[in-house]
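Trainee: Shown below is the structure under consideration.
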Amino acid sequence: MFSRWARFWWVFALIGLGCLYYHSFIDLIYGNYQKPPFSYGGIDYMLLQKAAFIVAALMLADKLECFDWPRLAWIARLSFPMYFLHGYFIFVFYETGLVDVLLDLTGSSVLASLINLVLVLGLTIGLAAMLKKSLGKYSRAFIGG
């Protein structure tokens, strides 16, 4: 289904970036956007942003599947454990105040978000790889991969 539309992945990426810009520079929201369930406070740009980025990622993946990238395949094998582990790093970053420190040091919610993304992604990949290697065949039972 995505094959026919894969060349337009950038449109959805721009929609996602537009929503990210709106949250960061207009609403001044950094990190997770939380509101009470079933309450309407206007258009949920965070939901639109995530949906647009997911569609863009699926379209881009469909377009790039003809290339053989071993490092990307390695990360793909770690994706399931990464899904379960990344939340712990996000929780620790918020609880220890690292998120606020990044925001204060950079003065920019976009730059702080990018640094946070790189830290969470790097630490999650590292932990998933380490656990997968140390747990061996039992890693699937503990971390899902």
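Trainee: Scanning for something of a type in the set (A, V, I, L, M, F, W, C), under 28 Å from PHE8 (Cβ atoms), touching a residue at least 12 places away in the same chain (Cβ under 8 Å) and open to solvent by less than 90 Å² (accessible area, probe 1.4 Å), does region 62-72 turn up at least one residue? Don't jump to the end; show me each part of the working.
Mentor: Initial filter on region 62-72 (of a type in the set (A, V, I, L, M, F, W, C)): 64, 66-67, 69, 72.
Keeping just the survivors that are under 28 Å from PHE8 (Cβ atoms) gives 64, 66-67, 69, 72.
The next check asks that each one be touching a residue at least 12 places away in the same chain (Cβ under 8 Å); those that pass are none.
Among the residues of region 62-72, not one is of a type in the set (A, V, I, L, M, F, W, C), under 28 Å from PHE8 (Cβ atoms), touching a residue at least 12 places away in the same chain (Cβ under 8 Å) and open to solvent by less than 90 Å² (accessible area, probe 1.4 Å), which makes the answer no.
Trainee: Only residues that are open to solvent by 100 Å² or more (accessible area, probe 1.4 Å), modelled with pLDDT under 75 and either assigned to a helix (DSSP H, G or I) or touching a strand residue (DSSP E or B) at 6+ places or on another chain (Cβ under 6 Å) (or both): list them for region 4-25, please.
Mentor: ARG7, TYR21, PHE25 - these are the residues of region 4-25 that are open to solvent by 100 Å² or more (accessible area, probe 1.4 Å), modelled with pLDDT under 75 and either assigned to a helix (DSSP H, G or I) or touching a strand residue (DSSP E or B) at 6+ places or on another chain (Cβ under 6 Å) (or both).
Trainee: Of everything in region 41-51, what is open to solvent by 80 Å² or more (accessible area, probe 1.4 Å) and at pLDDT below 70? Give them in sequence order.
Mentor: The one that is open to solvent by 80 Å² or more (accessible area, probe 1.4 Å) and at pLDDT below 70: ILE43.
Trainee: Kindly provide the set of residues from region 59-75 that are in a helix (DSSP H, G or I), out of contact with any helix residue (DSSP H, G or I) (no Cβ under 6 Å at 6 or more places or on another chain) and at pLDDT 80 or above, ordered by number. Step through it out loud before you land on a result.
Mentor: Just the residues of region 59-75 that are in a helix (DSSP H, G or I), to begin with: 59-64, 70-75.
Among the residues that remain, those that are also out of contact with any helix residue (DSSP H, G or I) (no Cβ under 6 Å at 6 or more places or on another chain) are: 61, 64, 70-75.
Scanning region 59-75 gives PRO70, ARG71, LEU72, ALA73, TRP74, ILE75.
Trainee: So, one more: Testing LEU131 on (1) in a loop (DSSP other than H, G, I, E, B); (2) open to solvent by less than 60 Å² (accessible area, probe 1.4 Å); (3) not acidic (Asp, Glu), one condition comes back false. Which one is that?
Mentor: With (1) in a loop (DSSP other than H, G, I, E, B); (2) open to solvent by less than 60 Å² (accessible area, probe 1.4 Å); (3) not acidic (Asp, Glu) applied to LEU131, the lone miss is (1).
Trainee: Moving to a separate point now. Kindly evaluate LYS137 against the criterion of being farther than 25 Å from TRP10 by Cα, crowded, with 17+ Cβ neighbours inside 10 Å, at pLDDT 80 or above and basic (Lys, Arg).
Mentor: no
Trainee: If PHE84 passes every condition in (1) open to solvent by 90 Å² or more (accessible area, probe 1.4 Å); (2) closer than 24 Å to LEU17 by Cβ; (3) in contact (Cβ under 8 Å) with a residue 24 or more places away in the chain but one, which one does it miss?
Mentor: Among (1) open to solvent by 90 Å² or more (accessible area, probe 1.4 Å); (2) closer than 24 Å to LEU17 by Cβ; (3) in contact (Cβ under 8 Å) with a residue 24 or more places away in the chain, PHE84 violates only (2).
Trainee: Follow-up. Restrict the check to region 108-131 and report whether at least one residue is in contact (Cβ under 8 Å) with a residue 60 or more places away in the chain and farther than 27 Å from TRP9 by Cβ.
Mentor: Within region 108-131, none of the residues are in contact (Cβ under 8 Å) with a residue 60 or more places away in the chain and farther than 27 Å from TRP9 by Cβ.
Trainee: While we're here: Do we have GLY122 as loosely packed, with under 13 Cβ neighbours inside 10 Å and within 26 Å of LEU64 (Cβ to Cβ) here? Lay out the reasoning, then the answer.
Mentor: Numbers: loosely packed, with under 13 Cβ neighbours inside 10 Å: yes; within 26 Å of LEU64 (Cβ to Cβ): yes.
So GLY122 fits the description; yes.
The values are calculated or read from the model by the stated rules, or taken from the named source; none is laboratory data. What you see is a predicted model; the values in this text were computed from it and never measured. Heads up, the Cβs are rebuilt from the backbone with ideal geometry, glycines too, and the neighbour counts pull from every protein chain shown. We work out accessible area using only protein heavy atoms, side chains counted, and drop any ligands, DNA or RNA first. Shrake-Rupley method; radii C 1.70, N 1.55, O 1.52, S 1.80 Å.
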